[in-house]
Structure formats: C-alpha cells, structure tokens
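Here's the structure, in structure tokens; my notes come after.
We did not get these values from a lab; they are worked out from the coordinates using the rules stated. This structure is a prediction, so every number in the text was calculated from the model and none was measured. Note that each Cβ is placed from the backbone with ideal geometry, even for glycine, and that neighbours are counted across all protein chains shown.
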Amino acid sequence: MSENKWIDITQPLTNDIAHWPGDTPFSFELACTKKETGSVNIGQITSSVHMGTHVDAPFHFDDNGTTIDQLDVNIYIGKAAVIDVSHVTNITPKLLEGYKWEDDVTRILLRTSLPNNPKRFPKELPVLDPAIAPFLQQKEIKLLGVDMPSVDAPDSNELATHHALHDNGIYILENIMLDHISAGHYELIALPLAIQGADGSPVRAVIRRIEK
C-alpha cells in the first residue's frame, strides 16, 4: 500500500510572484553571504502579508477585528472537503446545495475556474455570492479556502463577501493551488505566522487525502 503523503497546495514565494496592484511585492535576497560573515548566509524578505497563499484576519477589513496573532490556530488544522466548482463562474448557495460532505467537515476548499498561475494577477475572478456565508454557517463551516487572490472582486471596496463570511464566523484562506487536486476529503494544515498586530499572514498549506 502506498504511503499517504502530504500534498503542498502553496504558491511558492518567488521574486516574480504576482502581487495585488499597489501592494508591496515580494522580494528575497541575501543580506549577508557566508563569504562575508565567515559562517552563514542570512536572507531577508520584503513582502505584503497577503502575498501568495495566505489567510486574512478580521482586522484586514474591520478596524475592530481580531489580528492574526489572536486567532485560534485550530481554525487552520483539521478535516476539509475539496469541492470542484470549476464549471461555473458564479458560486451561489444553490450551487453548493448540490454538493455533499461529511458531517464532521468544518472547512471547505473551492477549486474554481481560475487557473493556478502565481506569476499573473487575474483581471477577473469567479464570483462568490455573499449569500454563501449564511449557507455555510448553517453547515457549521468555519473556514473557506479559495484558489483565488480574494473572495471579492479585485475592484471591490465594499468587500461584501469578506464581511458576510466574518459575520457568519467563517475565516478566509486565499490563493491555494488546487488545479492538481481531485475533489474529496482531506486533512488540512495552513498555519499563519504569529505576527503581532497583523491583518493577515502567508501560510504553508498542505493537505493529505483521507482514505476510506
């Protein structure tokens, strides 16, 4: 029997990764080399906390919201269902009603019609109807992951889906890589860094198939 290995669904952080227009791009460089120090290489990074695969803290869109270091890490560890909605561009409660997942699943990861291309920032995203938030809350979902840079349109100022998810107790994971992942049930680990006062954090997201 083959080993059930963890699968990386993270966007690699590279110096040419796409960034949100107007946001701080990612950069890695050696601040000091082993030749210079005599013992070690020392790297430094510059980045937005919303770069690549990341999670949003409520403080990102609510001045009174919780910061990333105040969130329970258990939100980002546990059983998840990967759902393939790549055949549509508008994701609604009616659409999600057609999918079934096990009763103990509290995290949903959506594989949308957006191709996984970390080096290109998309002009348009599949639409997540804010009405999915109360529907998912009724299903006791506490984390929604998407393979897009945002749960709202790039030009949105109201961020209706961000707020609807937050109002229904659902946390947000963005820019996961699901093109190579089939629908089904998985274990998920997507831990944010404990950055004091931050509105979000990059994560290393991995999943492992749950065998029946």
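Structural descriptor for the chain: relative contact order 30 percent, calculated from alpha carbon pairs under 8 angstrom and at least 6 residues apart. Largest mean-square fluctuation among 137, 44, 70, in a Gaussian network model of the chain whose springs join Cα atoms under 10 Å apart, belongs to 44.
To the nearest 20 Debye, how big is the dipole of the chain about its Cα centre, given +1 on the beta carbon of each Lys and Arg and -1 on that of each Asp and Glu? Working shown, then result.
Details: 17 positive and 29 negative charges, 154 e Å.
Once rounded to the nearest 20, the dipole reads 740 debye.
In this structure the amide hydrogen of residue 57, modeled in the peptide plane, comes within under 5 Å of the amide hydrogens of 200, 201, none closer than 5 places in sequence on its chain. Shown in residue order for segment 149-156 are the 3J(HN,Hα) couplings computed by the Karplus curve 6.51 cos²θ - 1.76 cosθ + 1.60 at θ = phi - 60°: x, 7, 7, 10, 5, x, 9, 7 Hz (x for Gly and Pro). Using +1 at the Cβ of each Lys and Arg and -1 at the Cβ of each Asp and Glu in the chain, identify which of 122, 105, 32 lies farthest towards the dipole's positive end. About the Cα centre, the residue reaching furthest to the positive side is 32. Sorted ascending by nearby beta carbons within 10 Å, beginning with the fewest, 36, 187 become 36, 187.
Can you compute log10 of I(q)/I(0) for segment 1-40 with the Debye formula, treating each Cα as one identical point scatterer, at q = 0.17, 0.18, 0.25, 0.33 Å⁻¹? Treating every Cα as an identical point scatterer, log10 I(q)/I(0) equals -0.73, -0.74, -0.88, -1.10. Largest GNM mean-square fluctuation among 172, 83, 45, using the chain with Cα springs under 10 Å: 45.
The charge dipole of segment 87-212, taken about its Cα centre with unit charges on the Cβ of Lys, Arg, Asp and Glu (plus for the first two, minus for the last two), comes to roughly 460 debye.
Please report 17, 42 as a ranked list, fewest other C-beta atoms within 10 angstrom at the top and most at the bottom.
42, 17
Diagonalising the gyration tensor over the Cα atoms of segment 10-79 and scaling each eigenvalue by 5 before taking the square root yields semi-axes of 30, 16, 13 Å, largest first. Dividing the summed helix terms, -39500 (n - 2.57) for each DSSP H run of n ≥ 4, by the number of residues in the chain produces a 222 nm estimate of -2500 deg cm²/dmol to the nearest 500. Among the listed pairs 5/34; 100/142; 5/100; 94/119; 139/212, those whose Cα-Cα separation exceeds 28 Å are 5/34; 94/119.
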